[in-house]
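Undergrad: So that we are looking at the same thing, I have put the structure below in structure tokens.
The values are calculated or read from the model by the stated rules, or taken from the named source; none is laboratory data. What you are looking at is a predicted structure, and each value in this text was computed from that prediction instead of being measured. Here the Cβ positions follow ideal geometry from the backbone for every residue, glycine too, while neighbour counts run over all protein chains shown. For accessibility, only protein heavy atoms count, side chains too; no ligands or nucleic acids. Shrake-Rupley method; radii C 1.70, N 1.55, O 1.52, S 1.80 Å.
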Amino acid sequence: MNRFLPLLLGAALLGSAQARTLAEIKKAGVIKIGTNAEFKPFTYFEGMTMRGFEYDLGNAIASQLGVRAQWVNQPFDNLLIGLNGDRYDLVISSHGITPERQKAVDFSAPHYCSGGMIVARAGGPKTAAQLKGKTVATQVGTTYVGQIAKVVGTKNVRTYPNNADALQALRAGRVDAMVNERFYSLEALKASGGKLQQGDMLFQEKLGMAVAKGNKTLLGAVNTALKTVQGNGTYAKISKTYFGQDIRCR
Ligand code: LYS
């Protein structure tokens, strides 16, 4: 179980009554979007500037709503709690849509499909079977934690606050492998100059945008906006910019 689930559920009960409705967001002219901008190519910083697939997609959705996006950068494991505490209206940060999270927040239709990929140093484990008895790094609070634990047991999972720390632990030899999102992993492989090797996909998931539990007007508008940008070529263009392909769910 996610160690934050009790907190999340508490926040859902207390906070969501205050969530801003679509009308209130439109009146203010600004939608606040929470993300963990340490996840190239989804949301990340290039110098002082936020960039990425989810950054561009979030801005396109804001524009469909007729408002400006104001981005709030947060540690990943704070994001859904902050949402129900009304620190922002929407979270776009590659959250896997899970029944556990659906108890605390409401998800949009998936904005892409992906999964967790095994990465190791050259010569290291490539398959789930080869991970047995090995230590595996990933970011805390993610769906990867539970998926890795199923294979290697909880005591062999090493969690880090940031993806960059998990990657560094792998590079430095403090762990045997890392499991992380497919495109994040491919980016890390590209940057490793042959020192890291690509392994199998460990599991697949659907990734969605989250609103505070019960914020129906905003959720409806976000789903409509996603449909529109997926229909008018905007989504495909953004996706090709970052991945060279369209990553929507098929
Ligand atoms: N898809 C994973 C999850 O849902 C990881 C998300 C982003 C990590 N920076 O937990």
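Undergrad: What residue, among those in the stretch 133-156 that are touching a Ser or Thr at 6+ places or on another chain (Cβ under 7 Å) and more than 10 Å from the ligand (Cβ to nearest atom), is least open to solvent (accessible area, probe 1.4 Å)?
TA: Per the criteria, the residue is I148.
Undergrad: Return yes or no: is F243 open to solvent by 20 Å² or more (accessible area, probe 1.4 Å) and under 30 Å from A69 (Cα atoms)?
TA: Yes: the conditions hold for F243.
Undergrad: What is the residue count in the stretch 72-81 for residues that are more than 13 Å from the ligand (Cβ to nearest atom) and either farther than 19 Å from L207 by Cα or surrounded by fewer than 18 Cβ atoms within 10 Å (Cβ to Cβ) (or both)? Can you show your working first?
TA: Step one: filter the stretch 72-81 for residues more than 13 Å from the ligand (Cβ to nearest atom), giving 72, 81.
If we keep only those that are either farther than 19 Å from L207 by Cα or surrounded by fewer than 18 Cβ atoms within 10 Å (Cβ to Cβ) (or both) too, we end up with 72.
Qualifying residue count for the region: 1.
Undergrad: Would it be correct to say that G34 is within 15 Å of the ligand (Cβ to nearest atom) and in a strand (DSSP E or B)?
TA: Spelling it out, G34 is indeed within 15 Å of the ligand (Cβ to nearest atom) and in a strand (DSSP E or B).
Undergrad: Here's a follow-up. What residue, of V119, V105, is open to solvent by less than 10 Å² (accessible area, probe 1.4 Å), over 25 Å from E187 (Cβ atoms) and either within 10 Å of the ligand (Cβ to nearest atom) or modelled with pLDDT of 95 or more (or both)?
TA: Unique residue meeting the criteria: V105.
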